Amino acid sequence: MKRSIKTYLKAAAKDYSSRSVNPPVVRASTILFKTMQELREHQKAIAKGKEVEYWDYGRQGTQTTVQLQKLLKGLEEAYQVFLTPTGFAAVALSIMSICRPEDEILISDGVYRPTQKLTDGLLKEFNVKAVWYNPNSFQDLKNKVSKKTKLIYVENPGSNTFEMNDLGKIISLAKSKNIFTAIDNTWATAYFFKPIKLGFDISITSATKYYSGHSDVMAGTVAVNKKVYKKVWWYNHVSGYRLSPDDAYLILRGLRTLDIRMDKHQENTKKVINFLKNNKKIFKILYPYKPSSKEFKLFKKYYSGASGLLSIIIKSKNKNSVYRFVNSLKLFGIGYSWGGFESLAVYTDPVELGTRRYFKLEKNEHLVRLHIGLEDPKDLINDLKSSLKFIK
Ligand SMILES: *Cc1c(COP(=O)(O)O)cnc(C)c1O
């Protein structure tokens, strides 16, 4: 698996027109053709769905974005991969490609908050109904399938709360009822889990996170199978989504070390959790780490590894002391996006969690999300140790 990323890069590198190791960043709106005939032939090839090395208009992509698509196609083992300007645009592209008025979208409670807003807010205005299921209960999902269910949308594990779905069961159910399936796979990335291979129609990744790995660029990817390719192509074509070649280059550069970084995030996280699980101030750790837990069993069934994002639940009557814990961490930045080289901590607003139907914090429980970066885990543990003392 480790070798595969490098292999895809090698395969892509063969096509580079320049002699540099890296692909050129080709910025373009206008693409020039030698003759009208050449232009028409090129357009015909695209219309037939042939692989092209460049497009006929900058919005569709340039040599740089095509290189990224090729690499991701290999990594995701997908029929095609679409590139979007942000991870959230990848979510929107996926849902808007499939859902139409009167449809229902069966969606896991615990998806990324903007995804909730899109489905419960905007889509409602287009008469698409969001039906929420409990991600801890396959039976609940099954009960909520109706004749109108067009798409089952999963985020695994759930944002901030890390519920684990039984993904194989969802796919079997969807296939038996002719329902489309999409998954937000940002947490694991295609390095640890390949949704298209398991049977999902659509696999979404916020490339802003681990694909970039350096917290300096935003992008999204939508990997698809052949069944939904045309639908996603159509909405992508008319929506005007485009990833800039400069940003595509940064994602390509990040992907060169995806395997090494993901292995290190996992290793560091295991060490940090070994410390956290024995600390009396920590009431609960939300992450698939406990071999006896249902979450861990579901995780093991489908994933070859886990990333560096987890949450801890702290019990305290003194909320300010929990703030003080977060504020006094020296190696953890306070901020939202994650998947970069650096460690982060953020107190998750209960109001945000209050929009959930199936997850609830009890009185005096506080949720802090941690991203474990690539720093020396001993330093991270020492930092956590001294800051946890502030919790009263
Ligand atoms: C961050 C995130 C997104 C959105 O990605 P952006 O690149 O920030 O727009 C979507 N889904 C999940 C699970 C995320 O964590």
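Condition first: of a type outside the set (A, V, I, L, M, F, W, C) and touching a Leu at 6+ places or on another chain (Cβ under 7 Å). Now tell me which residues in segment 335-368 satisfy that.
Residues satisfying the conditions are 335, 343, 348, 350.
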Problem set entry | Restricting segment 171-211 to residues that are among the small types (Gly, Ala, Ser) and within 9 Å of the ligand (Cβ to nearest atom), the residue that is nearest to residue 110 (Cα to Cα) | 206
Seminar exercise, completed: Scanning segment 237-286 residue by residue, those touching a helix residue (DSSP H, G or I) at 6+ places or on another chain (Cβ under 9 Å), part of a helix (DSSP H, G or I) and at pLDDT below 95 turn out to be 237, 239
For this session: For segment 151-159, indicate whether the set of residues that are more than 26 Å from residue 83 (Cβ to Cβ) and among the hydroxyl-bearing types (Ser, Thr, Tyr) is non-empty.
Result: no
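Could you tell me how many of the residues in segment 201-214 are more than 14 Å from the chain's Cα centre (by Cα) and surrounded by 18 or more Cβ atoms within 10 Å (Cβ to Cβ)? Spell out the reasoning first.
Pass one, segment 201-214, residues more than 14 Å from the chain's Cα centre (by Cα): 201, 214.
Pick out the ones that are also surrounded by 18 or more Cβ atoms within 10 Å (Cβ to Cβ) and you get 201.
Adding up the residues that qualify gives 1.
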Exercise. Which ones in segment 320-365 are modelled with pLDDT under 95, away from the ligand (no atom under 16 Å from the Cβ) and farther than 19 Å from residue 163 by Cβ?
Worked result: 351, 363, 364
Problem set entry | Among (1) more than 14 Å from the ligand (Cβ to nearest atom); (2) in the same structural domain as residue 76 (by TED's automatic domain parsing); (3) of a type outside the set (Phe, Trp, Tyr) - the single one residue 300 does not satisfy | (2)
Problem set entry | Search result, residues across segment 187-200 that are surrounded by 24 or more Cβ atoms within 10 Å (Cβ to Cβ) and farther than 22 Å from residue 260 by Cβ | 195, 200
Exercise. Taking residue 90, is it assigned by TED's automatic domain parsing to the domain that holds residue 193, touching a helix residue (DSSP H, G or I) at 6+ places or on another chain (Cβ under 9 Å) and in contact (Cβ under 8 Å) with a residue 40 or more places away in the chain?
Worked result: no
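Kindly indicate whether residue 184 is outside the structural domain of residue 361 (by TED's automatic domain parsing) and crowded, with 21+ Cβ neighbours inside 10 Å. Outline the logic, then answer.
Values: outside the structural domain of residue 361 (by TED's automatic domain parsing): yes; crowded, with 21+ Cβ neighbours inside 10 Å: yes.
Yes, satisfied.
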For this session: Output yes when any residue across segment 133-149 is more than 13 Å from the ligand (Cβ to nearest atom), under 25 Å from residue 235 (Cα atoms) and among the aliphatic types (A, V, I, L, M), and no when none is.
Result: no
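Could you name every one of the strands (runs of 3 or more DSSP E) located completely within segment 325-392 that has at least 3 residues being in the same structural domain as residue 214 (by TED's automatic domain parsing) and in contact with a Phe, Trp or Tyr (Cβ under 7 Å, 6 or more places away or on another chain)? Give the steps one after another, and end with the answer.
Values: elements: 332-334, 343-347, 365-371.
Ranges flagged: none.
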Exercise. Failed condition for residue 124, given (1) outside any helix (DSSP H, G or I); (2) more than 16 Å from the ligand (Cβ to nearest atom), with all others met?
Worked result: (1)
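The values are calculated or read from the model by the stated rules, or taken from the named source; none is laboratory data. For clarity, every value in this text was computed on a predicted model and none was experimentally measured. Cβ atoms come from the backbone with ideal geometry, glycine included; neighbour counts cover every protein chain shown.
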